[in-house]
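Before any comments, here is the structure.
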């Protein structure tokens with residue numbers, strides 16, 4: 001792209017962002033991997049963009065006995081491998097001075113009394129003005145207890161213009177019953193507007209761009225419905241295995257880990273009606289309507305419209321890798337699925353009879369997340385007396401990772417005296433057009449929480465609507481254990497049954513490349 005053209009593109013999208021309000025961030029589970037790899041790096045990236053409050057502090061809370069100086073030194077050692085840009089020493093020193101640490105047991109009320117006193121001191125020393133948000137980077141079974149203890153210690157009470165918010169990591173429940181119970185438990189302490197159920201997928205630029213793409217372009221919105229769209233595919237493929245997460249994955253599996261949060265969020269943004277505004281609840285109202293419009297599968301439908309798989313040994317990127325049952329902390333006869341594919345419908349006027357195919361899996365051929373919109377074929381009659389044998393359908397693909405962008409495929413005449421058609425791809429990548437911005441995927445979400453914008457966070461009704469679809473599938477899979485695991489080799493596109501799911505409808509999955 002020419003420099004002048006790129007400059008005009010950047011000028012069109014530049015907005016003067018302002019730093020968030022003065023506040024303190026408390027990370028429960030601060031000794032864990034998420035803090036090191038994502039959260040502190042995201043804060044540093046916000047600082048480089050002048051979006052981090054100048055009056056700001058971070059408190060790490062964990063069971064490990066450590067001093068604040070120990071904590072700062074630990075983060076300093078680890079941050080160079082985690083940041084997505086070159087570290088500017090002066091800027092890092094400013095952030096490091098704001099890092100504090102409090103050792104404590106999450107179930108001990110004394111931990112929260114000490115935290116209350118520490119935060120009061122930070123209000124004086126860092127000017128955080130009594131605004132706090134708490135990030136629960138802990139095991140899910142601790143969520144409700146931590147929120148309860150925060151309430152008992154007076155740390156969730158909002159008065160005199162001060163705000164208090166809680167970010168809760170996934171998984172939010174294990175099924176519909178536990179999700180409802182967790183919602184009820186935290187609602188005893190927090191108002192819904194204080195609860196931020198995070199999904200890091202929604203921090204990706206392409207995900208955020210779905211709404212802008214759909215509703216700012218008059219060319220696409222009129223055809224975004226059952227009259228023109230044949231089907232939709234949503235894919236989240238990973239070439240990595242479970243790595244060191246075997247103990248967690250044995251309890252979760254691919255369906256629990258990916259569907260109720262990541263993939264259903266993508267489905268709802270793809271299928272939702274235009275909101276009346278971009279206000280948080282206006283957007284989430286429309287997302288919730290979509291999720292409530294997905295009919296749960298009955299047990300017989302689970303057998304024909306849901307596929308599960310588990311990877312065996314194979315080859316990924318030219319390297320021999322072991323099967324799931326040979327991973328650390330995985331049972332040698334495990335029946336946990338590492339792949340799941342579903343055929344769902346959205347039972348409303350816009351999407352009646354349009355299938356949505358969702359799939360996710362570990363140890364597939366490559367890492368790829370995308371939403372593919374396949375349109376209906378044009379009538380063939382005009383081409384029946386030509387050498388054209390069939391018309392390929394147009395396909396619009398929103399690429400989420402690893403390269404974020406959008407592509408559109410269509411047919412064009414091949415030059416020459418004979419009527420022949422060739423496939424043409426028009427593609428756009430964010431990095432080429434707008435440049436790259438250092439990102440972990442958490443910057444936008446942390447900034448929005450500080451700013452009080454919950455648009456990209458799940459609401460209680462959305463969580464429960466998602467589990468309402470997933471739980472019946474879990475129940476059938478628990479009752480009927482798989483007999484053919486492992487049923488796909490690492491480095492492939494998944495089990496053959498997933499391809500058959502679409503083949504029965506005369507369709508095929510996009511290739512995982």
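Some notes on this structure:
- Normalised contact order of the chain, rounded percent, pairs of Cα under 8 Å and 6 or more residues apart: 18 percent
- Here the mean projected area of the convex hull built on the C-alpha positions of segment 144-250 is 11.7 nm².
- The chain: calculated mean residue ellipticity at 222 nm from DSSP helix runs of at least 4, using -39500 (n - 2.57): -10500 deg cm²/dmol
- Residues residue 187 and residue 345, FRET efficiency given R0 of 25 Å [Cβ-Cβ distance, rounded to 0.05]: 0.20
- Taking other Cβ atoms within 10 Å as a rough exposure proxy, 427, 493 sort from fewest to most as 427, 493.
- Principal-axis tilt of helix 143-152 within the chain, Cα atoms, nearest 10 degrees: 30 degrees
- Were the residues from residue 21 through residue 148 laid out at 0.36 nm apart, the gain over their Cα-Cα distance would be 43.2 nm.
- What the Cβ-Cβ distance of residue 423 and residue 331 gives, at R0 = 41 Å and to the nearest 0.05, is a FRET efficiency of 0.35.
- Calculated FRET value between residue 497 and residue 125, using beta carbons and R₀ = 56 Å, to 0.05: 0.40
- Computed from Cα positions, the angle between helix 280-292 and the longest principal axis of the chain comes to roughly 50 degrees.
- Our note on the geometry: Cα centres of segment 156-216 and segment 438-494, 14 Å apart.
- Look at where the Cα atoms of segment 107-133 and of segment 334-377 average out, and the two centres are 45 Å apart.
- The residues 96, 337, 192, 464, when put in order of fewest to most other Cβ atoms within 10 Å, stand as 192, 96, 464, 337.
- Protection proxy ranking, peptides 276-284, 27-35, average beta carbon neighbours within 10 Å, highest first: 27-35, 276-284
- Dividing the mean sequence gap of close Cα pairs (under 8 Å, 6+ apart) by how many residues segment 3-169 holds gives a relative contact order of 28 percent.
- Ratio of Rg to Rh for the chain: 0.98 [Cα atoms; Kirkwood radius as inverse mean 1/r over pairs].
- C-alpha long axis of helix 205-216 to longest principal axis of the chain, angle in °: 60 degrees
Each value in this text was obtained by applying a stated rule to the coordinates, not by laboratory testing. Quantities reported herein were computed from a predicted structural model and do not represent experimental measurements. Cβ: placed from backbone, ideal geometry, glycine included. Neighbour counts: every protein chain shown.
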